[in-house]
Each structure stands twice: as structure tokens, then as C-alpha cells.
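Read through the structure below, which is laid out as C-alpha cells, and then see the notes.
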Amino acid sequence: MAPVTLRHIINEFKLEEVVKVGNPDEIYISVADVTRPGLQLAGYFDHFGPDRIQLIGNMETAFLEKLTPEDRLQKVDALFAKGIPCLIMTRHHVVFSEVESSALKYQIPVLRTNEITSTFMSSLVKFLNVELAPRSSMHGVLIEVYGEGILILGESGVGKSETALEVVKRGHRLIADDLVEVRRVSDTTLLGRAPEIIRHLIEIRGIGILDVKELYGVSSVKMQENINFVINLELWDEKKTYERLGLQEEFNEILGIKVPSITIPVRPGRNLAIIVEVAAINFRQKQMGYNAAQALTDRVFGTTKKS
């Protein structure tokens, strides 16, 4: 898990730098939690996390306004003395002179945004959760088909990129080809995206590198997508017995999360793009409570019992 620089946060949320101290490129945020220091301004620091971004909104500003300048300086000094990474003022509140002087004293950057406090806090926490999530890189292709994020895995040369290109031609979207950056953003959610250097690009053997965005338009690509389903492509093995009914559940474990998966054998004559589309629809049906294979089994056994 790599920390996020304060500069990245400033650029992402277009924050105004009210007190410029230190180098934002060298100030690192390593936790996704954000604190509104109401209790701390009142003097209570038990269980306080000094490594968290501090956010001041209407309530904290109203509290500071009622204090004398001396008390206000004392309260702010006590907060800044903990070595917090930065202080962000929301709703474009005026920064008290005591806050500025204390920030300069302890070399703590003070930033400001026009956003509502709750809205900004929610967006910031979500952003930090994604950026600080455990991550891994996988050799595969990530596409979005009918709203489902599908990760296609398989040995080199099995046809992952060709399948993805055909799927994109049928109106779906490419997220990543060849290398997929996977992040675990929650206990149940995996998020995939392409490394910036190869974003929107796809490699087709015999042709070379193609820019999918330029070929098929902006609607054919997407920056990132949840990984809902995994399709494992493998060359057809005559000695292997493949699942024919779909009753057995398969999973791929990625960063400790089990993702539903299927294995599709590849051989000449199979239209993999159509199979991928159908697999996406079938997966969604199962998520909605309908399993065609189970329905057939129930029908067969129900008929047998009646006989």
C-alpha cells in the first residue's frame, strides 16, 4: 500500500492553499480516515489519530468564533502540536489569524474548499480508500459487459485481447489490456484499472498496438470498473472434462476475495465474444436468483417423482 501525497489530494479536489508551508509532494497520507476535530478543539485528545487529515466545517468554526483570540490560539496550537498532516477548511470559511500563525509555527499546511463539509468528507474518504487500498497487478484483460466488470485470464496467446476487441466492437467497453491493476477497496469489492502508460491501448498479435479510444470513440473505454466475474480461457484439452450444466460453482481468489468464475475452453470455431456476453447475462441472472441449470435439474427430478 503506497501512501498518497498531499499534492495529489490538492490537485484532485482543486484545493486552495491558504497557508503554504512544507512541500506537498513530500507530505504523505497513509490512512483513509478523516477527522473533524471538534472534541480536540475542546481539549480532548484521547484516541486521537495525528496522522489523519483534519477537517473543519460549520460546527468547528462556530465554536472557534465564540472563543477569545487567546483561547482560540491555545486550542489551535494544541491541535497543530500533534503534527497533523494538514488542516482543510470547508464551505470557504475565513481562516482565523490564529490558525494561520499556528500553522506557520508548526509548519502545517492549511487548505480550503467551497464544498459542503459532509459532501467533501465523503468524497475524500472514498478517494483515499481507493488510493490506499491493497493492490496487485495481474496479467489479463478487464472489460465491462452489460454493466458487469469481467476479468479475462489465461495463458499468453490464448486470445484474451482478440476476445476483448470483438466484445468492444459489439458495444461494450475496455478497461485494461495485458496488465490490470487490482485494488481491494473493501472486504467485498475489487476495483480494476489500467496502468496510465497503457490506458486505452490493446495489443493484437500481427497488427500491433491499437488505441481503442481513437478507433471506436470515448464510449468504448472506461477508466476503472469493479471486478464482478472472472473468465478463465484455456486451450481445449481433449483429456479434460469440462462443466456442461453449470451446477458447480468456481471461484478465483484475488487479494483474499473469492470472485465467481468459469472456465471456457478455446478452440477454432468458438465465438468467444458471444460466449462472454452470454456469460455476463447468465451471471447477472444468478445474482438475481435465477439459475437455469438448477431450474432444469428441479424440472427433471420433479418429472421423475411424478412418474
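The values are calculated or read from the model by the stated rules, or taken from the named source; none is laboratory data. Predicted model, so just to flag it, every value in this text is computed and none were measured. Note: ideal-geometry Cβ built from the backbone for every residue, glycine included; neighbour counts use all protein chains shown.
A few notes on this one:
- With a requirement of 3 or more residues that are of a type outside the set (A, V, I, L, M, F, W, C) and over 27 Å from residue 8 (Cα atoms), the helices (runs of 4 or more DSSP H) lying completely within segment 22-124 that satisfy it span 69-80.
- Pairing residues of segment 1-12 that are without any contact (Cβ under 8 Å) to a residue 40 or more places away in the chain with residues that are crowded, with 16+ Cβ neighbours inside 10 Å and in a helix (DSSP H, G or I), at Cβ distances under 6 Å and at least 6 apart in sequence or on separate chains, gives 7/24.
- Only one of 100, 144 that is of a type in the set (D, E, K, R) and assigned by TED's automatic domain parsing to the domain that holds residue 224: 144
Yes/no matrix, rows are residues, columns are (1) more than 14 Å from residue 178 (Cα to Cα); (2) charged (D, E, K, R); (3) assigned by TED's automatic domain parsing to the domain that holds residue 140:
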residue	(1), (2), (3)
203	no, yes, yes
207	yes, no, yes
211	no, yes, yes
216	yes, no, yes
222	yes, yes, yes
227	yes, no, yes
238	yes, yes, yes
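- Meets criteria (under 20 Å from residue 140 (Cβ atoms), crowded, with 18+ Cβ neighbours inside 10 Å and in contact (Cβ under 8 Å) with a residue 12 or more places away in the chain) for residue 202: yes
- Out of 277, 234, 243, sole residue that is free of Cβ contacts under 8 Å to residues at least 60 places away in the same chain and either in the same structural domain as residue 199 (by TED's automatic domain parsing) or part of a strand (DSSP E or B) (or both): 243
- Among the residues of this structure, residue 146 counts as one that is farther than 25 Å from residue 7 by Cα and either among the acidic types (Asp, Glu) or touching a residue at least 24 places away in the same chain (Cβ under 8 Å) (or both).
- Test: residue in segment 59-72 that is in contact with a strand residue (DSSP E or B) (Cβ under 9 Å, 6 or more places away or on another chain), within 17 Å of residue 110 (Cβ to Cβ) and in contact (Cβ under 8 Å) with a residue 60 or more places away in the chain: no
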